[in-house]
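Trainee: Please read through the structure below; I'll follow up with questions.
The values are calculated or read from the model by the stated rules, or taken from the named source; none is laboratory data. All values derive from a computational prediction rather than experimental measurement. Neighbour counts are summed over all protein chains in view; Cβ atoms, including those assigned to glycine, are modelled from backbone coordinates with ideal geometry. Surface areas here come from the heavy atoms of the whole protein model, side chains and all, with no ligands, DNA or RNA. Shrake-Rupley method; radii C 1.70, N 1.55, O 1.52, S 1.80 Å.
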Amino acid sequence: MDNKIRHLKSSDKIVTPFVNTINDNINIYVDKVSNKEFLLSDDGETLNDLSLNGVDLSDACIGKIERALLGSGVYLKANELVVYGDNSQFAEKKHALLQAILRVNNLMMAQRNKNQNH
């Protein structure tokens, strides 16, 4: 599993080999919080892609997303999926964020398909 890293002005972008609902590679953004801490984010791409796919991001939908994130360490902050960690936790937190993105995509696309079939 190869990741590509692109250095941006204020963060680094990790392009993963995994794809989202619109068949684009899933990106994870890394921001340095301090010499020992970082923030990983999807930069709002997950919810934006779901919206583009016709998923209604109502309060009820956001509630389902937040429940799906429970226990993962990942949370929703201003439509971004984010997780904080210290440098020794980087691989673990990156994996948690990626799994959360995939879980949210699957949950919401299943919900959309269920609603379309009724």
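Trainee: Pop out the carbon and sulfur fraction of the accessible area of the chain as a percent, whole number, probe 1.4 Å.
Mentor: It is 47 percent, rounded to a whole number.
Trainee: Taking only Cα atoms, what is the 0 to 90° angle, nearest 10, from helix 59-69's long axis to the longest principal axis of the chain?
Mentor: Approximately 50 degrees, to the nearest ten.
Trainee: Something else now. Hey, can you grab everything whose amide H is under 5 Å from the amide H of Phe18? Only 5+ residues off in sequence or another chain; H modelled, so Pro and N-termini drop out.
Mentor: For Phe18, whose amide H was placed from the backbone, the distant partners under 5 Å are Ile26.
Trainee: From the helices alone, meaning DSSP H stretches of at least four residues, give me the mean residue ellipticity at 222 nm for the chain, per-run term -39500 (n - 2.57), in deg cm²/dmol to the nearest 500.
Mentor: -13000 deg cm²/dmol
Trainee: How high is the relative contact order of the chain, in percent, with contacts defined as C-alpha pairs under 8 Å that are six or more residues apart?
Mentor: Reported relative contact order: 22 percent.
Trainee: Can you count the Lys pairs in the stretch 20-115 with C-alpha separation below 24 Å, eight or more apart or on different chains?
Mentor: 12
Trainee: Measuring from label point to label point, each 7 Å out along Cα→Cβ, what is the Leu102 to Asp31 span in nm?
Mentor: The answer from the label model is 2.6 nm.
Trainee: Rounded to the nearest 10 degrees, what's the angle between the helix 90-116 long axis and the longest principal axis of the chain, both from Cα atoms, 0 to 90?
Mentor: 10 degrees
Trainee: How large is the accessible surface per residue of the chain, computed with a 1.4 Å probe and reported in Å² as a whole number?
Mentor: In whole numbers, the chain has 60 Å² accessible per residue.
Trainee: On to the next question. Let me spell out the model: positive unit charges on the Cβ of Lys and Arg, negative unit charges on the Cβ of Asp and Glu, origin at the Cα centre of the stretch 13-118. What dipole size does that give, in debye rounded to 20?
Mentor: Result for the stretch 13-118 is approximately 260 debye, rounded to the nearest 20.
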